[in-house]
């Protein structure tokens, strides 16, 4: 191969997770460690870069002005695709497991911080979009809400400032889960 690459950018972490899921599925297992993930200063833009020699086998569809950029790829080309700019990114049918059944947040920003003027209080809006039942929510501080409703909004107050990993998982299929970080200001 001639040294080209594909770089896909998005404008928030929730979109980055979905984008990486599709890219990892597209790549052969042996090439998954070749993805380079970058964040712009201030965390306003995220990017994943894949070198040409690691490209997958035609399952990824990136369209710009009606043209599929991957199937029409010319060796040595460096493609930058802004998935945050209203452009779709999809996978060929039956190529990867669907993410539709995984619990996910219903808002672009997973948590609202500083609820009621308390800087450590958050509200998490979530939905198990597969509709397969209750979810477990792990707040990252040692506490949890087990068997929470299939969707809703839950409030939580952290005992201290810091960065916490929140996990929402389907009770019946714990591997169907979403994780993200909440930064609680001081």
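The values are calculated or read from the model by the stated rules, or taken from the named source; none is laboratory data. The model shown is predicted, which means the values in this text are computed figures rather than measured ones. With ideal geometry, Cβ positions are generated from the backbone for all residues, glycine too; neighbour counts draw on all protein chains shown.
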| Which listed residue is touching a helix residue (DSSP H, G or I) at 6+ places or on another chain (Cβ under 7 Å), modelled with pLDDT under 75 and surrounded by 16 or more Cβ atoms within 10 Å (Cβ to Cβ), from 121, 14, 59, 48 | 59
| message | Tell me yes or no: at least one residue of region 160-167 is more than 26 Å from residue 117 (Cα to Cα), surrounded by fewer than 17 Cβ atoms within 10 Å (Cβ to Cβ) and modelled with pLDDT of 80 or more. | response | no
| field | Within region 1-11, considering residues that are outside any strand (DSSP E or B) and modelled with pLDDT of 75 or more, the one surrounded by the fewest Cβ atoms within 10 Å (Cβ to Cβ) | value | 3
| message | For residue 76, only one of the following conditions fails: (1) at pLDDT 60 or above; (2) surrounded by fewer than 17 Cβ atoms within 10 Å (Cβ to Cβ); (3) assigned by TED's automatic domain parsing to the domain that holds residue 159. What is its number? | response | (3)
